[in-house]
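Structure record follows, encoded as structure tokens.
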Amino acid sequence: MSDLVTQPSWDPSQFKLQTDGTFRISIRGMAAMAGVDHAGIVRSLRSAGDENPLPCARSLLLQGFYPGDVSSWGETGGIPENAAPFILEHYGINATSPSAQARAVLLAFSRVGINAYLKERLGVSQVRDTPIPTLPPAHQVDTEFAVFMSDVVAKAGGDAKESLAVSFTVLARKHPEYKDVFLENQRLLCPAKEAFGNPTQVLECLEKELGTETINRLTSMAKDSGVISRNDKRLLVNAILCERKLPVRTGVARRGAASYATTSEGARYAREETRPANYADDGAWVPQLMWKLDTTVNVIITFIKDNLKVV
């Protein structure tokens, strides 16, 4: 695989392997992969929160990355590996002066994926790797007790999977260093019966139903009237949901805290999930509202038809 592309050597210290096996890539490391000046990547990523972000940042936003996360990657541990292909695609294909090296790297990992490519290219032993810890006795005892309780619930006529899933929430709080393991397995135990999505996915469904032109026009109207602070369609989604009194702003501006919480009415349409944060490399998880896609989209469309008279 390394024979597919000839490149100057990369500094392994710019590629940090996380405990979950994925990489965080510094901006300098990303620039080395793409064969471009790192200052250009810095400018583009920082523009993600602007009204008119630069092309590379705009391509990332179209893939569902959040502006605040993208603009802070240079300050909070680096670029997540799942963003790297889109950055390379921009510089290797879509840029005004495409980089031959960026295209070559894209070709190199197209068959095996970027994670396998980086591990082979860098050599895992050379990377500042944090080993995955083994499960200590205290965690094992708690987990065994959770399984015991699920058996008790089942014998009493309850749902053993649901009981174990609830226990995993408790264990994730008690043992935060293992919360990613507990919470991901919780989702395996109780998969959603109805599709849930974040505001970006709600927006995608709205555009399919109403058309991109209509949503763009509504967003511009909301920006001009001061309802939203910038011409961002995701802000429009949140503004309409707030107008329907489904979520409320928490008023908490720090990272690691939820920006919105559901009202009693909103709880019919949304649930709070703890998800990995894109902006951190320390295993941080943050609470996010996930909305029932079909019902939430219908609520928004009804609001638009009744109040905005544009469809």
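The values are calculated or read from the model by the stated rules, or taken from the named source; none is laboratory data. Please read all numbers here as calculations on a predicted model, not as lab measurements. Virtual Cβ from ideal backbone geometry, glycine too; neighbours counted across all protein chains shown.
Per-structure values
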| item | result |
| --- | --- |
| Positions within region 60-92 being more than 17 Å from N231 (Cβ to Cβ) and either touching an Asp or Glu at 6+ places or on another chain (Cβ under 8 Å) or not assigned by TED's automatic domain parsing to the domain that holds G113 (or both), in sequence order | T76, G77, G78 |
| Any hit, region 25-43, residues being in a loop (DSSP other than H, G, I, E, B), buried (at least 18 other Cβ atoms within 10 Å of the Cβ), touching a Leu at 6+ places or on another chain (Cβ under 7 Å) and among the small types (G, A, S) | no |
| Flag for N238 being touching a Phe, Trp or Tyr at 6+ places or on another chain (Cβ under 8 Å) and buried (at least 18 other Cβ atoms within 10 Å of the Cβ) | yes |
| Residues within region 159-170 that are crowded, with 20+ Cβ neighbours inside 10 Å and of a type in the set (A, V, I, L, M), tallied | 2 |
| Restricting region 84-105 to residues that are crowded, with 22+ Cβ neighbours inside 10 Å and under 20 Å from L17 (Cα atoms), the residue that is nearest to the chain's Cα centre (by Cα) | A84 |
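Okay, residues lined up against (1) closer than 15 Å to Y269 by Cβ; (2) surrounded by fewer than 20 Cβ atoms within 10 Å (Cβ to Cβ); (3) free of Cβ contacts under 8 Å to residues at least 60 places away in the same chain:
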site	(1), (2), (3)
K208	no, yes, yes
T214	no, yes, no
R217	no, yes, no
D224	no, yes, yes
V227	no, yes, yes
C242	yes, yes, yes
P247	yes, no, yes
